[in-house]
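Notes follow once the structure below has been shown.
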Amino acid sequence: MKKVEEAKNIVLANAALLNSVEVSLENATGYVLAKDIFSTIRIPAFPQSSMDGYAIRLRDKDALLPVQDALPAGSSKKITLLDHHAIQVFTGGPVPEGTDVVVQKEWVVVAEDSIRINANHLEAGNNIRVPGVEIGVGELAIPAGTLINSFQVAFLASLGILTVDVYRKPIVSLIITGNELVQPGNQLMEGQVYESNSFGLRASLKKAGINQVKISFAKDSLAETEDKIKTALEESDMVLLTGGVSVGDYDFVTSACLNQGVEPLFHGVKQKPGKPLFLGRKEKKLVFGLPGNPASVLSCYQQYVLPAICKISGMKEAKQVFAQLSQSYEKKAVLTFFLKGYVENGIVSILPAQASFQLSAFAEANCWIELDESISWFEKFQMVRIHLFQ
C-alpha cells in the first residue's frame with residue numbers, strides 16, 4: 001500500500017491539464033484564465049470627476065463664480081472653462097478643459113446663477129481622475145492562472161471584454177456498483193440499502209463547478225462493470241467508480257479496469273477510511289476506484305479526486321489549515337486517519353459515528369481531521385491538519 005502523501009503525489013503527477021476553451025464573460029465565474037488579458041482601452045478614458053460639484057480654476061477659489069454650464073455624466077459636449085467661472089459636473093462625468101480642481105457641492109454656496117466656495121484646503125487635482133489612472137492601453141488586466149470571480153467579471157466588463165479563454169472543466173462519469181443498492185423513493189427489501197454515493201459525489205462535483213456529470217449503475221458483474229467503464233472512458237475526461245474495489249468475490253472494478261486497458265497506478269493506501277482506493281489511467285484520463293462505504297467515498301473524493309480536478313482545470317490546491325484538538329485521541333492502527341470533525345475558532349472536535357458506513361456525523365461536521373500515520377496518541381490541544389469541506 002502507498003502512504004497518503006505518496007498516493008497524492010501520484011495523483012497530481014498523472015493529472016494532465018485540459019485544453020482551453022472560449023466562454024462568454026457571463027459564464028466565466030469559477031473558471032481559470034488560460035491566457036493573460038490586456039486592456040485595449042484606458043480607464044478612465046477622459047478627465048473624470050469623482051464628485052458631484054463644480055469645476056473651477058484653483059486661482060479663482062475665493063471669487064464669486066458665475067455658473068457657465070453643466071456637464072452631466074455621459075455628455076460628449078466639449079467645453080472650455082472660462083476664467084472666473086465654474087461649470088457644474090457630476091460623479092463619473094467629464095471635467096471641462098481648463099479645470100484644475102473639482103469642488104464637491106457640499107463645500108459650495110449657491111447664490112442665484114453663481115457660486116461661492118466655502119473650503120479652506122483645496123489643492124490642484126482634487127476630485128479629478130486622471131485618464132488611465134486605473135489602467136492604460138496594453139497594460140495587464142488579469143494574468144493567466146487566475147480563478148475568475150464575480151468582481152473580476154465586473155472589471156473585465158468595464159474593459160469592454162465579452163469572452164475569455166479558460167481551461168475546460170472535466171466531464172466526469174460516475175459508475176455506482178452494487179447489487180444491494182436501491183434509489184431513494186423506492187421501497188427497501190431485506191438486504192438492500194439506499195444508494196447515496198451518486199448524490200454525495202454529484203453535489204461535491206457541482207460545488208467544484210462541474211456540471212457535466214454522467215451517472216450509470218452496474219450490478220456486481222465483471223461484464224457489466226467492463227461495459228460501463230468502456231462507455232465512460234469514451235464519453236468523459238475522468239471516471240469515478242464506487243464499490244467493488246476491494247478483494248471480495250464480487251469486487252470486479254480492478255479487473256474490469258485492467259481489461260479495458262486502464263494502467264494501474266496504485267491500489268491501496270495506508271489510510272482509514274478508504275484503504276482499498278484504486279487509481280488508474282488510460283491515456284490522459286484518470287480512473288478512480290473508490291470504496292463503497294459513503295464516508296470513504298467522500299473522504300477519498302476530497303483527498304484525491306478534488307486535487308486532480310483542480311489540477312486539470314488549472315486551479316490551485318486549497319491552502320493547508322491547522323487547528324487544535326478539543327480532546328485527546330488514541331489511534332489503534334498504523335494508518336493515516338481521516339475523521340469527521342467540527343472546527344470553530346481554531347478548535348476542532350472529533351465527532352461520534354466515525355465508521356466508514358456512517359453518515360450521521362455529516363449533519364454537524366464541517367471538516368476532515370487528518371491524524372498522521374506515525375502517531376498513535378494525540379494530546380488535547382495538539383495541533384493537527386484539517387481539511388475544510390469543499
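The values are calculated or read from the model by the stated rules, or taken from the named source; none is laboratory data. A quick note: this is a predicted structure, and the numbers were derived from the prediction, not measured. Glycine also receives a Cβ, built like all others from the backbone with ideal geometry; neighbour counts cover every protein chain displayed.
In segment 264-308, what residues are free of Cβ contacts under 8 Å to residues at least 40 places away in the same chain and closer than 14 Å to Ala15 by Cβ?
From segment 264-308, those free of Cβ contacts under 8 Å to residues at least 40 places away in the same chain are 264, 267, 276, 278, 280, 283, 300; that's our starting set.
Listed by number, the residues that qualify are Gly280, Glu283.
Here are the criteria: (1) within 30 Å of Val32 (Cα to Cα); (2) surrounded by fewer than 16 Cβ atoms within 10 Å (Cβ to Cβ); (3) among the hydrophobic types (A, V, I, L, M, F, W, C); (4) modelled with pLDDT of 95 or more. Tell me which single one Ala318 does not satisfy. Evaluating Ala318 over (1) within 30 Å of Val32 (Cα to Cα); (2) surrounded by fewer than 16 Cβ atoms within 10 Å (Cβ to Cβ); (3) among the hydrophobic types (A, V, I, L, M, F, W, C); (4) modelled with pLDDT of 95 or more leaves (4) as the failure.
Against the definition (assigned to a loop (DSSP other than H, G, I, E, B), at pLDDT 95 or above and of a type outside the set (S, T, N, Q)), how does Ile161 come out, yes or no? Show your work before the answer.
Numbers: assigned to a loop (DSSP other than H, G, I, E, B): yes; at pLDDT 95 or above: yes; of a type outside the set (S, T, N, Q): yes.
Judged against the criteria, Ile161 is a match.
Could you list, in sequence order, the residues of segment 246-286 that are part of a loop (DSSP other than H, G, I, E, B), aliphatic (A, V, I, L, M) and over 29 Å from the mean Cα position of the chain (by Cα)? The answer is Val247, Val262.
Restricted to segment 256-275, and to residues that are in contact with a Pro (Cβ under 9 Å, 6 or more places away or on another chain) and buried (at least 20 other Cβ atoms within 10 Å of the Cβ), which residue is nearest to Leu233 (Cα to Cα)?
Quick first cut of segment 256-275, residues in contact with a Pro (Cβ under 9 Å, 6 or more places away or on another chain) only: 257-258, 267-269, 273-275.
Right, trim to buried (at least 20 other Cβ atoms within 10 Å of the Cβ) and you get 257, 269, 273-274.
On the way: Cys257: 10, Val269: 24, Pro273: 27, Gly274: 23 Å.
The extreme case among them is Cys257.
Filtered by the rule that a residue be buried (at least 17 other Cβ atoms within 10 Å of the Cβ), in contact with a Pro (Cβ under 9 Å, 6 or more places away or on another chain) and not acidic (Asp, Glu), segment 245-255 gives Val245, Ser246, Thr254. Every residue in segment 212-245 that is of a type in the set (S, T, N, Q) and in contact with a helix residue (DSSP H, G or I) (Cβ under 8 Å, 6 or more places away or on another chain), please. Matches in segment 212-245: Ser216, Thr225, Thr242. State yes or no: is His84 modelled with pLDDT of 95 or more, outside any helix (DSSP H, G or I) and either over 30 Å from Leu147 (Cβ atoms) or not assigned by TED's automatic domain parsing to the domain that holds Leu159 (or both)? When the stated conditions are applied, His84 passes them.
Results for (1) at pLDDT below 95; (2) surrounded by fewer than 18 Cβ atoms within 10 Å (Cβ to Cβ); (3) among the β-branched types (Val, Ile, Thr); (4) assigned to a loop (DSSP other than H, G, I, E, B), shown as yes or no for each residue.
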site: Val103; (1), (2), (3), (4): no, no, yes, no
site: Ile115; (1), (2), (3), (4): no, no, yes, no
site: Ala119; (1), (2), (3), (4): yes, yes, no, yes
site: Asn126; (1), (2), (3), (4): no, yes, no, yes
site: Val137; (1), (2), (3), (4): no, yes, yes, yes
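Taking the condition out of contact with any Phe, Trp or Tyr (no Cβ under 8 Å at 6 or more places or on another chain) and either over 30 Å from Gly136 (Cα atoms) or not aromatic (Phe, Trp, Tyr) (or both), does Asp52 pass? So Asp52 does not fit the description; no.
Is segment 382-390 home to any residue that is under 21 Å from the mean Cα position of the chain (by Cα), under 30 Å from Glu22 (Cβ atoms) and modelled with pLDDT under 95? For segment 382-390, residues under 21 Å from the mean Cα position of the chain (by Cα), under 30 Å from Glu22 (Cβ atoms) and modelled with pLDDT under 95: present.
Test Val4 against the criterion of being within 30 Å of Phe266 (Cα to Cα) and surrounded by 15 or more Cβ atoms within 10 Å (Cβ to Cβ), and give yes or no. Criteria met by Val4.
Among residues of segment 56-80 that are of a type in the set (S, T, N, Q), those with a Cβ under 6 angstrom from a residue that is not in a strand (DSSP E or B), sequence gap 6+ or separate chain, pair up as Gln68/Leu82; Gln68/His85; Thr80/Gly98.
Taking the conditions (1) assigned to a loop (DSSP other than H, G, I, E, B); (2) not assigned by TED's automatic domain parsing to the domain that holds Leu156 in turn, Gln68 satisfies each one other than (1). Taken together, the criteria place Leu174 among residues that are assigned to a strand (DSSP E or B), touching a residue at least 60 places away in the same chain (Cβ under 8 Å) and surrounded by 14 or more Cβ atoms within 10 Å (Cβ to Cβ).
Going by the conditions given, is Phe288 outside the structural domain of Ser236 (by TED's automatic domain parsing), crowded, with 16+ Cβ neighbours inside 10 Å and among the aromatic types (Phe, Trp, Tyr)? Step through it out loud before you land on a result.
Numbers: outside the structural domain of Ser236 (by TED's automatic domain parsing): no; crowded, with 16+ Cβ neighbours inside 10 Å: yes; among the aromatic types (Phe, Trp, Tyr): yes.
The answer is no for Phe288.
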